[in-house]
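The values are calculated or read from the model by the stated rules, or taken from the named source; none is laboratory data. Small disclaimer: the values here were computed from a predicted structure and weren't measured. FYI the Cβ positions are ideal-geometry reconstructions off the backbone, even for glycines, and counts take in every protein chain you see.
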């Protein structure tokens with residue numbers, strides 16, 4: 001009987017196994033570097049998307065403000081006999097400053113029956129409704145206005161036949177405050193001044 005004991009193979013601890021271990025380590029390092037690079041890229045893309053949306057919103061707000069300023073100037077042009085009555089003085093419109101709707105001066109019969117003073121009241125109320133975006137409401141419990149400018153204020157300054165329409169609102173990014181002593185409209189907290197955005201339109205009405 002052969003009593004020879006089987007001999008187990010000796011593990012290969014030579015250079016080949018060492019190279020394999022190093023290769024596995026290098027592969028893990030490459031995966032980690034790839035994950036880091038992809039993560040940085042995704043963060044950059046997210047930041048770019050946020051900046052793009054912010055810029056788009058800022059542009060849409062300015063376009064709306066310009067449209068609203070032109071709208072008021074057109075209303076004044078159509079009712080020149082009440083030019084001075086459109087002046088807002090120290091009480092700008094916006095953010096629900098007009099408590100209730102005045103006599104409706106819209107449509108054939110209604111518009112024809114309104115006096116010049118009633119037309120001014122209607123124009124100012126309707127203008128404020130557009131500035132506040134009252135026609136579009138949030139669908140949540142707040143039911144707040146959602147279609148207008150952010151924290152808006154609108155002013156009309158009349159000096160003889162010269163008319164200036166000013167609209168301010170709050171932007172998303174701090175910049176240089178565009179308002180000066182001649183275009184101030186409403187009261188702003190010091191901390192909010194860098195965020196103030198403004199549109200100003202000047203015109204001269206024909207002498208009555």
**Item:** segment 168-198, residues that are crowded, with 17+ Cβ neighbours inside 10 Å and under 14 Å from the mean Cα position of the chain (by Cα)
**Value:** 168, 169, 171, 195, 196, 197, 198
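Restricting the search to segment 163-193, which residues are over 12 Å from residue 61 (Cβ atoms) and modelled with pLDDT of 95 or more?
Residues of segment 163-193 that are over 12 Å from residue 61 (Cβ atoms), as a first pass: 163-166, 174-193.
Result: 163, 164, 165, 166.
Just one of 145, 138 is at pLDDT below 95, surrounded by 16 or more Cβ atoms within 10 Å (Cβ to Cβ) and within 24 Å of residue 197 (Cβ to Cβ); which is it? Step through it out loud before you land on a result.
Numbers: 138 fails: surrounded by 16 or more Cβ atoms within 10 Å (Cβ to Cβ).
Result: 145 is the single residue among 145, 138 that is at pLDDT below 95, surrounded by 16 or more Cβ atoms within 10 Å (Cβ to Cβ) and within 24 Å of residue 197 (Cβ to Cβ).
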**Request:** Within segment 77-108, track down each residue that is touching a residue at least 40 places away in the same chain (Cβ under 8 Å), in contact with a helix residue (DSSP H, G or I) (Cβ under 7 Å, 6 or more places away or on another chain) and closer than 20 Å to residue 198 by Cα.
**Result:** 86, 93, 94, 95
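Would you be able to tell me the number of residues in segment 152-183 that are part of a loop (DSSP other than H, G, I, E, B) and under 30 Å from residue 51 (Cα atoms)?
Residues of segment 152-183 part of a loop (DSSP other than H, G, I, E, B): 152, 160-161, 171-183.
Adding the requirement that they be under 30 Å from residue 51 (Cα atoms) leaves 152, 171-180, 183.
Count: 12.
Is it the case that residue 163 is surrounded by 11 or more Cβ atoms within 10 Å (Cβ to Cβ), touching a helix residue (DSSP H, G or I) at 6+ places or on another chain (Cβ under 8 Å) and farther than 21 Å from residue 86 by Cα? Quick ask: steps written out before the conclusion?
Numbers: surrounded by 11 or more Cβ atoms within 10 Å (Cβ to Cβ): yes; touching a helix residue (DSSP H, G or I) at 6+ places or on another chain (Cβ under 8 Å): yes; farther than 21 Å from residue 86 by Cα: no.
Spelling it out, it is not the case that residue 163 is surrounded by 11 or more Cβ atoms within 10 Å (Cβ to Cβ), touching a helix residue (DSSP H, G or I) at 6+ places or on another chain (Cβ under 8 Å) and farther than 21 Å from residue 86 by Cα.
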**Message:** Regarding segment 93-101, can at least one residue be identified that is surrounded by fewer than 16 Cβ atoms within 10 Å (Cβ to Cβ) and assigned to a helix (DSSP H, G or I)?
**Reply:** no
